[in-house]
Structure formats: C-alpha cells, structure tokens
Amino acid sequence: MLPDRQAYLNQRRLTRIVSGLCLLFASLIWILTTSPTPVVLAQITPETSADTTSAALADRPNIIVIMVDDLGWRDTSIYGSKSSRTPQIDALAARGVIFTQAYSSSSLDEPSQASFLTGKWPARLKLTQSRELNPGEILEPSLPQTALSHISMVTPTSRTQLPGDELTAAEILQTAGYATAFMGEWNLGENTSQPENQGFSHFVRSSPLTSQPQLAGQHTDDLLTQQAINWMETNSKEPFFLNLWYQSVGAPFQAPSGDIPPARTSADPSQDPQHAPVMAAMIAALDQRVGLIVAALERLQLTQSTIIVFTSDNGGNMTNTIEGDLLTSNRPLRGGKGSMYEGGSRVPLIIVWPGVATPARTCDDVVSAVDLLPTLVDMAHGTIPAGHQIDGVTLKPALTGAAGFDRGAIFHHYPHYNPTTGTTPAISVRSENMKLIRFFGGHVTQTDRIEVYDLQNDPGERINLARSRRDEIVRMTNLIQNFLKETSALVPQKNPNFERPQQGWATGADAEVEDGELVLKRSGDRPILFETYDVPHVNRQLRLRLPLKTSSRMEGRVMWSTASEPSFTQNRQVKFAVTQKGEWETHEITLPVQDLLTGIRIEFGKGDSDLSLGWIRAELIDGNLVKEWQFGEVESE
C-alpha cells in the first residue's frame, strides 16, 4: 500500500533537518578530497567481474544518472557519429539497452532537468523557458495582457526555479534509504530550490568548484568526475543515488588542447555534417570521464549492483559555431536545441540494469525523460506517495523487452519566442508514429499554423501532411486540448496591440505571375525594390536563398531592419550579383543579423530587363528553414 502523502511530507522535513546537520561534515570531506587522485582507466567490456554486494544492495541497487549538457542524438559513435569515437560509451551500451526514440521533456536545459527530477511535464511545472531567455526571478508565472506591437502573441512568463515543495526523485530515494548526491551545474534556483533542499544530502556545484584557486586550470567536468568517484568510495557500503550532470558538451566550448589536432585531421566536411574538431575533442573527453566512472565501479566491485542511466538534457546545439564550424549536426533529424523539431528533443538514452535489462539490445519504443522518475523508483523498490501526481510511467517493460509496451503520447509545450532559433510559441504531440506541431498565432492573421509529420517514413520532418491528414489533425488536436486543460498550462493569447504586417512582399514595380513565375517588370532602367515585414522571429545570422532569372547581368543588395534600428540603412546591407543571363540562378545571401529582425528589403539594381522570381527561403546557419515565400511554380529544394 502506498504511504499517505502527509506522512511522507513529514518524513521529508525530518530528512531535511538531518541533511542540514550533516552538511558541515560533508563540506569537510569535500575539502579534503578536492585534490584529484589518479584513477586507472579500464577498458569497459560487456563482461563484468564478480561483485561482493551487501544484502541491502541486492534489493536496492545503486543508481547513477549521467546527464550531459547539449549532447545530440547522434553525437556518439553508438548512435551513428563518424567524427566522434566513443569507445567507453559504446562499451557501456553493450551492457545495456539503447533507446532510439527517447525524448527530453523540452528542447531547453532547465525545463528538461526539472521535468526529469519531478516526473512532471514542464507545462505542469510552469517551468518552460531557459534562464538565459528568462532573466530575473519569477516564482509565480503569469500571462500579461499585451505585448509589443510587432509581436503576434502575448506569451506567458515561466518559473525561473523549481519550487521547493516539489517532490523529487532524490527525496523519494532518500526516504527509501539511499545516500544521495548531486554534482554539476545547478540552474534550478536558490534558497529552497537548492540541491540540499531537493533531496540531495551531498552536492558539488560546478561554479564554486572551479573558483577554488588550487584547482585553477582544470576542467570542471574532470573535477566533478573525481568528486563523484571519491563520494562513491565513501558510500560504497550503502545504496546510493548519484546525479552527475556534466557541463560539457555545452558552453564554454573547451577541450584539452592535445585532443584537438587529431580531431582536426580526421574531420571531413564533405563526408560528414559533424566535422567540428573542438566538439569531437570535447566528446572524446566526455567518453574518458564515463570510462573513469565505470572503472571505479569495477574497482569497488559494484558493477553488478549499479544501474547507470546515460542521457542528455536536450538535442544538439546547432546555433553556435566554433572556429567557423557548427558545433554539431543532428541530421537526418531536423533542427536542434531550442527547436520544436526532432533534433531539439530526441536524445541518446542508454540504461544499464544488470540482471534485469537485456544487454546490447536496441529498443525502438517511444519514451520520455518524464518517465525516468517512476523508472528509478521502480528500480529501487521505492514508493511514490498516494495522491502525488506524476506524468511519467515506468520503463521496466521496455527495458525487459515486454511486448505491447506503449507509454502513450508525449508532449512538448513551449509557449515562448526564441529568437536564437527562430522558434515561435508552439506545442507538439507525438502519438504512435505521427507528430503534430501547433504554432500559436503562426500565421500573420494570428491564427494557429499546423504541421503534421509521419516520423516513421519522414524522420527529418520534410513533408508537411497537414493538408492530406485531416484525420490526424482532429485526433492529435484533441490530445493537445486535453493535455493543456489537464496540466493547467499557460497558453499564448492574441496580442491586441499587434500591428499586422502586409502579408508577403511589396514592390513598386508591376508584378504578375507568368508561366508559373513571379515577374517583376522594370520601368526604364530604375532599380526594383522588393520588401517585406512578414519575417521570421530571429536575432542571429540568417541565410536567404532565392532563384532569379533575368536576361541581363545585374547587381543587387539586401538590407534589413531590426527592433532597435527600424529603418533600412546602408550600414546593414549585403551585395550580390546576377551573372547568368536567361537562366535560373540560385543565390545564397548571408545576413549577419544581431538584433531582432523586423524587415527585409531586396534592391535589384539598374538594368534593362525584367526579373523573374521562384521563391525565397530564410534559413538559419544550420540549414533549418524558418520562413518560406512561394511566388510561382518553381519548386524549392
């Protein structure tokens, strides 16, 4: 029988008092162990050594959760990367279950992390935005009445910290007799939201760790790895729950200098979209740290009594560059961190459960990070208090290969604007192999825009089936409506102050469609101006692609306006030239946008012939399409 929730909360308060008294002792131990001790890295193999475990550990296995910041779905060799070699992670996978369709609960770190710890959707927690895009301290989110006139939808605020009264996996396992530790970058709040108030009796945070003068010059994650090993040694005789949240491969993008040259020589941009040497070196360093953790378990004879969960907090980062290269590529998936598409939230997930999960097995079941809390509690033979609501389900059937497992639909609610990725307020649902994305106010008319994809046949989300699969739109819209109501999610509303831009493009020239082409007719030899304020919501580098045809050579330029500089000026322009006469010529024009984009003007220079246009595409530097304008019948690529 499940324990009463009030009694459970009383036990939590008592546990927190004891944890506070123990904090001084934990701090002394931490100080004494900050000087790293050499550990021999053992090659991990599917075979494991015989362990001598206590009776307590037999029923309550140790649990280690390794969560990597911004590690993409295919950033490791076990998931298909050709540029990154990860023998330690691959060997770990040989001992566990490899999930091919695992999702984080959000495409951004803080909402995903909070969801993992609580087993609740970010929408229910009302923690749906990253701190980077949500400055200040917000304890109780709200929906404002209005927004700026160039913004279509009024969007809600988001919590900036995990409420202290939320029940976490650490608190449940602590009550079940587990020693608990958190090590890494904690971005879920201070005061009552700090790790020690969320069930972690021992914690080492990245920032204070690297501020120690005697540790200067050492990588944060190397220090965290050694701290984790020291703590496991101290707690090896009792069941423990270790959360190791690595800062790498997220910012800052640093790797051991000696590891970069080999990665640079092996990178081949023509063969692999993943070719950033610094990223490959960071992943190699991550792989070695994972090897150190597992080698320590072998040395402590804890391999057979320890469950390991290896995952990422969101999809790979495809917005930042280093040395001119995109950090990674999530192809064939579309988009990356901060996106509503698959590359934003599909993540690696490897679970090793000795004696229960079949080793080296690939699992295609659709699962979510929200499922990890009930799974960990199930593994530990713990209990979730009666009446306590969670959204996840245990993954034990998937881990054991039981037939017919279906965790149900998974949701991604992001009711905000993200100018870094061009993402606008949206919610998505995946049900079976179908996915629907609903962009709130996605049309210039402030009506919602719908995209539907068949992920089994189109994992890259290239073919929008919204026009042909009305049945799926009805079915999955009902799922979304029930989800929003049941979670009491905050939903964007139409902005009453919105000044609707003219849809499409405007020009002073005579324009008409002839034989499937948009023809702009000249008046004498004067330039043709072509402009729009119906632009994607981005504040970073943007690439325009457009096919042109004219019978004479011509020069042109593209200018853009921003929220802080609303006029088209010559200090924001990129020039181009049309050199092919009488043939279609596709131009790629990169705009170094640095502020919120509000308008684009294309000036086709003086000439003596008319001009034909097929379409214009606006893409981010990762190739992700954020806006498309179709004029004629020339097919876009």
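Structural remarks
- Hypothetical label at R526: residues of region 571-607 whose amide nitrogen lies under 18 Å (7 Å Cα-Cβ projection): 602-607
- FRET efficiency, L133 to A360 (Cβ-Cβ, R0 51 Å, nearest 0.05): 0.80
- Of all DSSP beta bridges in the chain, antiparallel share, percent nearest 5: 70 percent
- Rolling a 1.4 Å probe over the protein heavy atoms gives region 506-630 an accessible area of 45 Å² per residue.
- Gain in span if fully extended, Q218 to N191, counting 0.36 nm per residue against the direct Cα distance: 6.9 nm
- Whole-number accessible area per residue in Å² for region 87-191, which is evaluated in the context of all protein chains at 1.4 Å: 28 Å²
- Globularity index of the chain, i.e. its alpha-carbon radius of gyration over 2.2 N^0.38 Å: 1.04
- The residues packed around V444, meaning those with a beta-carbon under 9 Å from its beta-carbon, carry a net charge of 0 if Lys and Arg are +1 and Asp and Glu are -1.
- Selection from T579, I602, S564 lying farthest towards where the dipole of region 506-630 points positive, charges on Cβ: S564
- Computed helical MRE - 222 nm, the chain, DSSP H runs ≥ 4 contributing -39500 (n - 2.57), nearest 500: -7000 deg cm²/dmol
- Kirkwood-based Rg to Rh ratio, region 506-630, C-alpha trace: 0.95
- Under a model in which nothing but the beta-carbon of Lys, Arg (+1) and Asp, Glu (-1) is charged, region 506-630 shows a dipole of about 400 debye around its Cα centre.
- Solvent-accessible area of the chain (1.4 angstrom probe, protein heavy atoms only): carbon and sulfur portion equals 50 percent.
- Charge-dipole axis of the chain as Lys and Arg at +1 and Asp and Glu at -1 on Cβ define it, positive-most pick from W615, Q446, I138: I138
- Rounded to whole Hz, the Karplus (6.51, -1.76, 1.60) HN-Hα couplings of region 170-184, x for glycine and proline: 5, 5, 5, 6, 4, 5, 7, x, 8, 6, 10, 8, 10, 9, x
- Student exercise, the chain dipole from Lys, Arg, Asp, Glu Cβ charges, in Debye to nearest 20: 660 debye
- Between K82 and S468, the contour length at 0.36 nm per residue exceeds the Cα-Cα span by 135.3 nm.
- Whole-number accessible area per residue in Å² for region 338-389, which is evaluated in the context of all protein chains at 1.4 Å: 27 Å²
- Taking all protein chains as shown and a probe of 1.4 angstrom, K581 keeps an accessible surface of around 120 Å².
The values are calculated or read from the model by the stated rules, or taken from the named source; none is laboratory data. Only a predicted model underlies this, so the values are computations on that prediction, with no experimental measurement involved. Cβ atoms come from the backbone with ideal geometry, glycine included; neighbour counts cover every protein chain shown. Calculation scope for accessible area: heavy atoms of the full protein, side chains included, ligands and nucleic acids excluded. Shrake-Rupley method; radii C 1.70, N 1.55, O 1.52, S 1.80 Å.
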